[in-house]
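Here, each number is a calculation from the coordinates, and none is a lab measurement. Bear in mind the structure is a predicted one, so any value in this text is a computation, not a measurement. Virtual Cβ from ideal backbone geometry, glycine too; neighbours counted across all protein chains shown.
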Amino acid sequence: MLTSILRTVVPALWGSLIGWLLSVAPVLEPLRELLLSQADLLVPIIGAVIIAAWYAFWRWLEPLLPAWLVRAVLGSAKTPAYEGKHEA
């Protein structure tokens, strides 16, 4: 269970960090007023897209990466295993 939590939280933290870095990027300064006026709608959507893209990109690269790098970007090098009443 800890593996699945780590593989959810760590990519979300990375995606949030990337979103924050984009928000302070000087290249977006000309769009600042427009982005702030739409922040209530756009921030959660953009955040979710960045997190999903981060996770998808690193999952795609995962087979090619060393275990230490997978742990750094995805939280764990192991695939989550679930016990109990989970049937396909």
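Brief remarks on what is shown
- When we screen R32, R71, R59, R7 for residues that are of a type in the set (K, R) and in contact with a Gly (Cβ under 8 Å, 6 or more places away or on another chain), the only hit is R7.
- V43 satisfies every condition listed in (1) surrounded by 10 or more Cβ atoms within 10 Å (Cβ to Cβ); (2) in contact (Cβ under 8 Å) with a residue 60 or more places away in the chain except (2).
- Candidates A77, A81: the one that is in a loop (DSSP other than H, G, I, E, B), among the small types (G, A, S) and in contact with a Lys or Arg (Cβ under 9 Å, 6 or more places away or on another chain) is A77.
- Selected residue (only one of S16, S4, S23, S37 is loosely packed, with under 11 Cβ neighbours inside 10 Å and of a type in the set (S, T, N, Q)): S37
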